[in-house]
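Below: the structure, in structure tokens.
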Amino acid sequence: MSDAHNYVVFKPVGVVGLITPWNLPLYLLTWKIAPALAMGNTIVAKPSELTPLTADFLAQVVQQIGLPAGVLNIVHGTGPSVGSPLVSHPDVPGISFTGGTVTGAVVNSAAAPLFKKVSLEL
């Protein structure tokens, strides 16, 4: 298709909330962090409460390589106590969630009225 054009617009949305499950904790977290950072966003990541140390170790490595403070933030807790406030916070315009379909529907329902950019991997 010689007449087709593709464009990539590098425009950060601001703060993005990343919620990851217990399985493949490092892989799925870095898979979300890298593109969010590449687009110029700051991150609030909520790993599974079952695998919190993986995210802590990643945060230590990121700090050692010199990522500025506040660019990558890790929060710990359960979905209802930490994930829900993250998804519904008005200053977090982007959400990426990987997990179950029931929880994904809850995430989408909370984000939709605020017109957030949402990525769901269910």
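The values are calculated or read from the model by the stated rules, or taken from the named source; none is laboratory data. The structure presented is a predicted model; accordingly, all values stated were derived computationally and were not measured. Cβ sites come from the backbone with ideal geometry, for glycine too, and all protein chains shown count toward neighbours. Side chains included, ligands, DNA and RNA excluded: accessible areas come from the protein's heavy atoms. Shrake-Rupley method; radii C 1.70, N 1.55, O 1.52, S 1.80 Å.
Figures for the structure shown
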{"item": "Accessible area of region 1-112 belonging to carbon and sulfur atoms, whole % at 1.4 Å probe", "result": "65"}
{"item": "Backbone HN-Hα couplings from phi across region 70-75 [Karplus 6.51/-1.76/1.60, Hz, Gly and Pro as x]", "result": "x, 7, 10, 10, 10, 10"}
{"item": "Under 5 Å, built H, 5+ apart or other chain: amide partners of Ala45", "result": "Leu18, Asn73, Ile74, Val75"}
{"item": "Karplus (6.51, -1.76, 1.60) ³J(HN,Hα), θ = phi - 60°, over region 82-95, in Hz, Gly and Pro reported as x", "result": "10, x, 4, x, 5, 5, 8, 5, x, 8, 10, x, x, 9"}
{"item": "Added length on full extension, which subtracts the Cα-Cα distance from 0.36 nm per residue, Ser119 to Gln63", "result": "17.5 nm"}
{"item": "Separation of alpha-carbon centers, region 65-122 and region 1-55, rounded to whole Å", "result": "11"}
{"item": "Where only alpha carbons of the chain are counted, the Rg and the Dmax (Å)", "result": "15.0, 51"}
{"item": "Per residue accessible area in Å² of the chain, where ligands, DNA and RNA are left out and the probe is 1.4 Å", "result": "61"}
{"item": "Per-peptide average of other Cβ atoms within 10 Å, ordering 62-75, 94-107 highest first", "result": "94-107, 62-75"}
{"item": "Estimated FRET transfer efficiency when R0 is 25 angstrom, pair Ala112-Asn73 (beta carbons, to 0.05)", "result": "0.55"}
